[in-house]
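Have a look at the structure below, then the notes.
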Amino acid sequence: LIHFLGLIDRFDGDDAELARLFAVSRTTVWRLKNGKIRKLGKYVDALSQAMGRSHHATIETAIEDLAIWARRSSEVR
């Protein structure tokens, strides 16, 4: 989930573009972004491919992902 949220945060597009990329509704994009859907593999792959990135996190992207998660999560803050 953390890596997915990091990719979403780095994606240069809006929810409508994500919906087209994932071939889902904007409601499903909202559910994905808010952790309501747990099976994220195909979405991580699609987003990574669209962004020209490896879906495997480097230590740098992992740290960035944790920082993004900290901004979004009251529990982490």
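Below are the figures for this structure:
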| read-out | value |
| --- | --- |
| First in the stretch 14-35 and in contact (Cβ under 8 Å) with a residue 40 or more places away in the chain, second anywhere and β-branched (Val, Ile, Thr), Cβ under 6 Å, 6 or more apart | none |
| Where residue 37 falls short, out of the listed (1) touching a helix residue (DSSP H, G or I) at 6+ places or on another chain (Cβ under 8 Å); (2) assigned to a helix (DSSP H, G or I) | (2) |
| Test set (1) modelled with pLDDT of 80 or more; (2) among the aromatic types (Phe, Trp, Tyr); (3) touching a helix residue (DSSP H, G or I) at 6+ places or on another chain (Cβ under 6 Å) - residue 69 fails condition number | (1) |
| Residue, farthest from the chain's Cα centre (by Cα), within the stretch 1-18, restricted to residues that are among the hydrophobic types (A, V, I, L, M, F, W, C) and under 13 Å from residue 48 (Cα atoms) | 18 |
| Failed item in (1) outside any loop (DSSP other than H, G, I, E, B); (2) of a type in the set (Gly, Ala, Ser); (3) at pLDDT below 85, with residue 48 passing the rest | (3) |
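The values are calculated or read from the model by the stated rules, or taken from the named source; none is laboratory data. Because the structure is a prediction, the values reported are computed rather than measured. All Cβ positions, even for glycine, are placed from backbone atoms using ideal geometry, and neighbour counts span all protein chains on display.
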